[in-house]
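One structure below.
The values are calculated or read from the model by the stated rules, or taken from the named source; none is laboratory data. The shown structure was predicted, so the numbers you read here are calculated from the model rather than taken from an experiment. Note: ideal-geometry Cβ built from the backbone for every residue, glycine included; neighbour counts use all protein chains shown. All accessible areas refer to the heavy atoms of the entire protein, side chains included, with ligands and DNA or RNA removed. Shrake-Rupley method; radii C 1.70, N 1.55, O 1.52, S 1.80 Å.
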Amino acid sequence: MMNENPKIDFAAPVMGDIEREALQRVLDGNILTDGANCAEFERGFEKFTGGGRALTVSSCMAALHLSYLNFGIGAEDEVIVPAQTHTATAHAVEIVGARPVFVDADPATGNMRPELIEKAVTPNTRAIGLVHFQGIPCDMERIMRIAQANDFVVIEDCALAMGAFWEGKHVGLWGDAGCFSFYPAKHITTGEGGMLLSKNDEFIACSRKIRGFGVDKTYGERQIPGMYDVDELGLNYRMSEFQAAVGKVQVRRLPDILEKRERNFNIYAESFKNVKNLRIVKADNKKAKSAYYGLSIILEGTLSAKRNEILARLKKMHVGCSVYYPQPVPRMAYYRNKYGYNPENYPNAELISDCSITLPVGPHLSESDVEYVAQTVKDIIGGCKS
Ligand SMILES: *Cc1c(COP(=O)(O)O)cnc(C)c1O
């Protein structure tokens, strides 16, 4: 043993000379927002996903908001969303005045169950706001079939799914829009930031306009300097050149990041194979290529009531863990107070929120780090008395 107690972070950004040099070039120039770096980041992102048009935005939440705005979702409309997700998925629906209708998760993958989507449809349903839970792609053929039969808009929250493919097609390219996040804990980061991806050029053009206050002429399109009109209500959801300079070089790191995440995931999976009362959330599906955001273990049987105790012990051992997500969104105070909450409708979302632990798989972990975390988890679990 070289080191008795290594400190393992849950997530750590990968930053180095290429990011430093890219940032230095922005500092040395005089264009600080929505310039060549944003365009390069967008083109690099399109190349990685293998299709569609990409548009830099200030966050995934901004991308989701622009999506619902531009597809005309609003008051009286309902959008079917998963109960087990980040609150942004539902907030984006709420912020345009529509109503999120929550459906429960599949306990094996954490993704929303397609048969529950069908059950949640009402005459007011206009869209499905799905999430690829921890980078595990949803069954996109099945969901698109439901959407096409009902003429629903499909907005994909891909915040944890950079590098996830369903049937060889990158997530975010199946539905009408894909929304990505570059928050520090995600696959790649720009500090804060996001990307909107779509095969629909007209939607991207509208989003670009709303992203910049609804101004009718970009800087370059103005015949007379300083002159423009505004014919639409807009926002400011642009990305700065500082962020985009980092993002455009982070894309180059993706293949290596994804490879290490998958390797680390598989080390845990192997190590936890025969552990009693412990199950891992994963996609065992030939069609689904996961982005391996994290590895969630579900504690079952006598362990299920010990989750918080185990989390506290892991923290004491300096093993960074998290919970994705800490509550089913409809149970969070804002939604509970507004719409009421019946736990019987969300047994699997409750199970994931209350009985799971997400372990780190990021590229900052070596193989021996992962083995150490897995062993620590097993030791703590072994010491739990029922
Ligand atoms: C992190 C996350 C978001 C929010 O992303 P921001 O870029 O911080 O707005 C949205 N959805 C999911 C599923 C997330 O995990």
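Numbers at a glance
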quantity	calculated
Any pair with Cβ under 7 angstrom, 6 or more apart, that starts in the range 44-72 at a residue that is touching a residue at least 12 places away in the same chain (Cβ under 8 Å) and ends at one that is aromatic (F, W, Y) and away from the ligand (no atom under 16 Å from the Cβ)	N70/F203
Residue selected from the range 314-334 under the condition within 15 Å of the ligand (Cβ to nearest atom) and not in a strand (DSSP E or B), by the criterion farthest from Y268 (Cα to Cα)	M332
Test: residue in the range 281-296 that is away from the ligand (no atom under 16 Å from the Cβ), touching a helix residue (DSSP H, G or I) at 6+ places or on another chain (Cβ under 8 Å) and modelled with pLDDT under 95	yes
Within the range 9-62, considering residues that are more than 16 Å from the ligand (Cβ to nearest atom) and hydroxyl-bearing (S, T, Y), the one most open to solvent (accessible area, probe 1.4 Å)	T33
Residue within the range 210-220 that is within 16 Å of the ligand (Cβ to nearest atom), modelled with pLDDT of 95 or more and in contact with a helix residue (DSSP H, G or I) (Cβ under 9 Å, 6 or more places away or on another chain) present	yes
Meets criteria (surrounded by fewer than 18 Cβ atoms within 10 Å (Cβ to Cβ) and within 30 Å of D9 (Cβ to Cβ)) for E192	yes
The lone exception for N285 - which of (1) open to solvent by 30 Å² or more (accessible area, probe 1.4 Å); (2) under 19 Å from the mean Cα position of the chain (by Cα); (3) not acidic (D, E) it fails	(2)
Qualifying position, being surrounded by fewer than 16 Cβ atoms within 10 Å (Cβ to Cβ), hydroxyl-bearing (S, T, Y) and modelled with pLDDT of 95 or more, among Y334, Y346, Y341, Y372	Y334
Complete set of residues in the range 151-163 that are among the hydrophobic types (A, V, I, L, M, F, W, C) and either free of Cβ contacts under 8 Å to residues at least 12 places away in the same chain or in contact with a Ser or Thr (Cβ under 6 Å, 6 or more places away or on another chain) (or both)	I155, A159
Scan of the range 207-230 for residues that are open to solvent by less than 90 Å² (accessible area, probe 1.4 Å) and of a type in the set (S, T, Y), ordered by number	S207, T218
Any pair with Cβ under 7 angstrom, 6 or more apart, that starts in the range 170-183 at a residue that is closer than 14 Å to A291 by Cα and ends at one that is away from the ligand (no atom under 15 Å from the Cβ) and open to solvent by less than 10 Å² (accessible area, probe 1.4 Å)	H170/T49; G172/T49
Filtered residue count, the range 57-87, keeping only those that are in a loop (DSSP other than H, G, I, E, B), under 20 Å from the mean Cα position of the chain (by Cα) and either within 16 Å of G212 (Cβ to Cβ) or of a type in the set (A, V, I, L, M, F, W, C) (or both)	3
Count - residues of the range 88-117 that are open to solvent by less than 30 Å² (accessible area, probe 1.4 Å), more than 15 Å from the ligand (Cβ to nearest atom) and either small (G, A, S) or assigned to a loop (DSSP other than H, G, I, E, B) (or both)	3
Residues within the range 165-187 that are more than 12 Å from the ligand (Cβ to nearest atom) and open to solvent by less than 20 Å² (accessible area, probe 1.4 Å), tallied	6
Any hit, the range 147-155, residues being within 16 Å of the ligand (Cβ to nearest atom) and buried (at least 24 other Cβ atoms within 10 Å of the Cβ)	yes
Tally, over the range 63-87, of residues that are near the ligand (Cβ under 9 Å from one of its atoms) and open to solvent by 30 Å² or more (accessible area, probe 1.4 Å)	2
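Conditions tested, residue by residue: (1) free of Cβ contacts under 8 Å to residues at least 24 places away in the same chain; (2) touching a His at 6+ places or on another chain (Cβ under 6 Å); (3) part of a strand (DSSP E or B); (4) more than 30 Å from E19 (Cα to Cα).
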residue: V251; (1), (2), (3), (4): no, no, no, no
residue: N266; (1), (2), (3), (4): yes, no, no, no
residue: E270; (1), (2), (3), (4): yes, no, no, yes
residue: T302; (1), (2), (3), (4): no, no, no, yes
residue: L351; (1), (2), (3), (4): no, no, no, yes
